[in-house]
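Right, one structure below, let's go through it.
The values are calculated or read from the model by the stated rules, or taken from the named source; none is laboratory data. The structure presented is a predicted model; accordingly, all values stated were derived computationally and were not measured. So basically every Cβ, Gly included, is an ideal-geometry build from the backbone, and we count neighbours across all protein chains shown. Each accessible area value is taken on the protein alone, full model and side chains, heavy atoms only, with ligands, DNA and RNA left out. Shrake-Rupley method; radii C 1.70, N 1.55, O 1.52, S 1.80 Å.
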Amino acid sequence: MTQNVGIVGWGKFLPPNVVSNFDLVSMGIDTSDEWIVERTGIKSRRIAPADMSTSDMAFEAAKIALERSGKATSEIDLVIVATTSPDYIGFPSTASILQNRLGLRTVGAFDLSAACSGFGYALATGTQFVQNRTCRNVLVVGADSLSKLVNWSDRGSCILFGDGAGAVVLSATQEPGVIASDLHADGSEGSILMIKGGGTRKPLSDQVVADKEHLIFMEGRSVFKVAVNTVVNSLLETLGKIGKVPDDIDQLVLHQANSRIIQYVGEKLGLPDSKVFSNIATYGNTSAASIPIAIDEAVECGRIRPGDLVATIGFGAGFTWATNIIRWGV
Ligand code: ACO
């Protein structure tokens, strides 16, 4: 017998430093508030200070999620951190650092790398561990500090990203919470959004740094096209598996990458604006953190209420995309 799984705790952390589009212009980036708002919907983002790492943000979000869940640290059996901007390249994992800082027992802890889809992948993965009764409670975090990986001389990408973290606690519940998941990747589109250097393909060297290949490279238009072509189908397929249609969705929480993508997907699904959550104007694209941050805010402002059917879809580098349908239970 499988176990029902739900989100019983949630939390977010955003670094305090607000950077507006006007600030970017003051920093010497050849752009304008008008251009950024029109093309992306972003007005500001939070940027972590130099001495704040991804695990620092994850820790703050996780503390809140744990407290809300009412679970003791001794009851957490697994930690999954979705990130592509870990504290250290390779190891130790950000999840291990987080596990130690939270004072958890020697429970399993691992990072999950699926870029902006990371939280969706991690949520689906964590759900399996509770569903099959391997774990009682799983801490799932999405945290990224892409401000440290963007090429600040590439105006086409540096204006998009912000830093932050969001966390949830997954537990066994009476009623089904996470009711359907759908994970996808299309590796043939890997080159449209990548960090070309600094890995084993092209190890870090003076040349890699001089060419800024250790930083994010993005073909914005291609990313836009792949995103809109994939997420709608994924959502429709996942809803179909559980006998639902878009009209059944109470709140759509799409990865906050671009307001035009959010609007396009909402329209394609025939959803009114009130059912399509967006906070991209304030935080920009926080990568793996964007969905758990949005969930936290949507709950806080009453856009997600007990009993609501919530559809989350992440998409990002890889190219990857991940849908989770959740019946909000608390
Ligand atoms: N300010 C002013 N002008 C700019 C800027 C800027 N910040 N950036 C680009 N431009 C210029 C370009 O140089 C170009 O000028 P040109 O016509 O003289 O050559 C013009 O604007 C159009 O450039 P495009 O790149 O074609 O602009 P587009 O309309 O595609 O918008 C954007 C770019 C906003 C990046 C868009 O393509 C987009 O949002 N794509 C999706 C990106 C995305 O979602 N990425 C995150 C994925 S999630 C993850 O995994 C990390």
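For Val37, all conditions in the list (1) more than 9 Å from the ligand (Cβ to nearest atom); (2) among the β-branched types (Val, Ile, Thr); (3) open to solvent by less than 20 Å² (accessible area, probe 1.4 Å) hold save one; what is the number of the exception?
(3)
Cβ contacts < 8 Å: first residue in the same structural domain as Ile313 (by TED's automatic domain parsing) and away from the ligand (no atom under 16 Å from the Cβ), restricted to the stretch 219-245; second residue assigned to a helix (DSSP H, G or I) and not small (Gly, Ala, Ser), any location; separation 6+ or different chain. Result?
Listed pairs, sorted by first residue: Leu235/Pro246; Leu235/Val265; Leu236/Pro246; Leu239/Pro246; Leu239/Asp248; Val245/Leu239.
Quick check, is Ala124 assigned by TED's automatic domain parsing to the domain that holds Ala65 and either in contact with a Cys (Cβ under 8 Å, 6 or more places away or on another chain) or within 16 Å of the ligand (Cβ to nearest atom) (or both)?
no
Could you check how many residues of the stretch 12-30 are part of a loop (DSSP other than H, G, I, E, B), within 14 Å of the ligand (Cβ to nearest atom) and buried (at least 17 other Cβ atoms within 10 Å of the Cβ)?
1
Any idea which of (1) modelled with pLDDT of 95 or more; (2) aliphatic (A, V, I, L, M); (3) open to solvent by 10 Å² or more (accessible area, probe 1.4 Å) is the one Val330 doesn't satisfy?
Checking Val330 against (1) modelled with pLDDT of 95 or more; (2) aliphatic (A, V, I, L, M); (3) open to solvent by 10 Å² or more (accessible area, probe 1.4 Å), the one that fails is (1).
Within the stretch 145-170, track down each residue that is in contact with a Ser or Thr (Cβ under 7 Å, 6 or more places away or on another chain) and in a strand (DSSP E or B).
If the condition is that a residue be in contact with a Ser or Thr (Cβ under 7 Å, 6 or more places away or on another chain) and in a strand (DSSP E or B), then Ser145, Phe161, Asp163, Gly164, Val169, Leu170 are the ones that fit.
Anything in the stretch 168-180 that is open to solvent by 40 Å² or more (accessible area, probe 1.4 Å) and closer than 18 Å to Thr323 by Cα? List them, or say none.
Pro176, Ile179
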